[in-house]
1. Measuring from label point to label point, each 7 Å out along Cα→Cβ, what is the GLU340 to ASN303 span in nm?
2. With +1 assigned to the C-beta of every Lys and Arg and -1 to the C-beta of every Asp and Glu, and no other charges, what is the dipole magnitude of the stretch 159-368 about the Cα centre in debye, to the nearest 20?
3. So, R0 is 25 Å and r is the distance between the beta-carbons of GLU93 and GLU58; what FRET efficiency does that work out to, to 0.05?
4. Please give the contour-minus-distance gain from SER211 to ALA249: 0.36 nm per residue of separation, less the Cα-Cα distance, rounded to one decimal in nm.
5. Measure off 7 Å from each Cα along the Cα-to-Cβ vector at LEU85 and PHE280, then give the distance between these two points in nanometres to one decimal.
6. Place +1 on the Cβ of every Lys and Arg and -1 on the Cβ of every Asp and Glu in the stretch 159-368, take the dipole about the Cα centre, and give the residue among ASN306, GLY170, VAL226 whose Cα lies farthest towards its positive end.
7. Mind giving me the nanometre distance, one decimal, between the label points for ARG295 and ASP311, set 7 Å out from Cα along Cα→Cβ?
8. Taking θ as phi - 60°, what are the ³J(HN,Hα) couplings along the stretch 47-58 by the Karplus curve (6.51, -1.76, 1.60), each to the nearest whole Hz, with x for Gly and Pro?
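No lab work stands behind these numbers, since they all come straight from the coordinates. Small disclaimer: the values here were computed from a predicted structure and weren't measured. When we count neighbours, we look across all protein chains shown, and the Cβ atoms used for this are built from the backbone with ideal geometry, even at glycine.
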Amino acid sequence: MGAKSDEYYTLQVVIQKINIEEFLSMAEKHPVIDVRSPGEYGHARIPAACTLPLFSDEERKVVGTTYKQEGREQAIKIGLDYFGLKMRKMVEEAEGIMKCHAETVEGANSRIVLVHCWRGGMRSAGVAWLLDLYGFKVYTLVGGYKAFRNWVLQQFEKQFRLKIIGGYTGSGKTKVLKELEKKGETIIDLEGIAHHKGSAFGDLGEPEQPSPEMFENTLALALSKVKDKNAIWLEDESRRIGDINMPLAFWNNMRKSPVFFLEVPFEERLKYITEEYGKFKKENLVNAIMRIRKRLGGLNAKNAINYLLEDNTLEAFRILLAYYDKFYAHGLNDRESLDELLTKVPCTTVNHAANCASVLTAYKNTITV
């Protein structure tokens, strides 16, 4: 009786701490719970992580201040005051997260959960203890989100095999990229991750851009899923996409990679770009022109705006397209060994499927020469 009684009342804590590589591998099947504050989570997070904050932003501030001014033990006591009132609600929210995950991810186990905080300290330990006590199998990330960020930055130092889709504005590069994906090619849509098409008009019709840190997180995770032997197709970009700068090492890798340049006639591109952007409100188009007024030139900006106000969208975009052609040509030519990197792909019109086929043919020709 005594031995069994002791065993019965002994809490068996079986939380396991795992490194970032194992954590990300398990995250492909099991839910990730981020217990940092809402502000931390909103700024940037591990993609697909669910938020279950132990403290609000204000509570986190109070605990942190107490830790600095009065010491660890007093900070823990204040943290327990906050935590105690939330325990039941946090368990119920965790149940909801895991139930939803089990219903949507094939092979998921609704009793396994991955937990992390900022540095793998007391916040994740506290929530992990609670969920383990309730009966979940819990894994925590050694080093927390900070370890994930270190892993993210390491990804950009790797030398990936890249193939770049180039072409002047209005060539339909993004849609050719999507066609390549349909053909089974490996692609990464940088503009899709950035929620921006790269020009002064690039935010039109797009959701709010992520923070630069969140962009890096998403890009790094996409790169990590590429098999070693696969080359990645990307769209040619300047380093800046809207308000986001691409990681320098990765962008330098892009600049040294082969470019397959879609040679689409100006008038065909003009027609395409007018259809793509002409649907937006005049006010938004005018505001976009004003953002590049100095680079475009005062007279060109004035004429483009006047054409828009006169409902002559075609002539407005003719001015803008000529400007962007010069801008892109400068970036294209500002590459070392351009003659060796550049393959021109003649295209009669903006036909995404046909142009995709032409790109693949051009690529096969380069590897058989």
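1. Label at GLU340, label at ASN303, 4.2 nm between them.
2. 240
3. That pair, GLU93 with GLU58, gives E of 0.80.
4. Result: 11.8 nm gained on full extension.
5. 4.6
6. My answer, from the dipole projection, is VAL226.
7. Roughly 3.2 nm, to one decimal.
8. Once θ is set to phi - 60°, the couplings for the stretch 47-58 become x, 6, 5, 9, 8, 9, x, 6, 10, 6, 4, 5 Hz.
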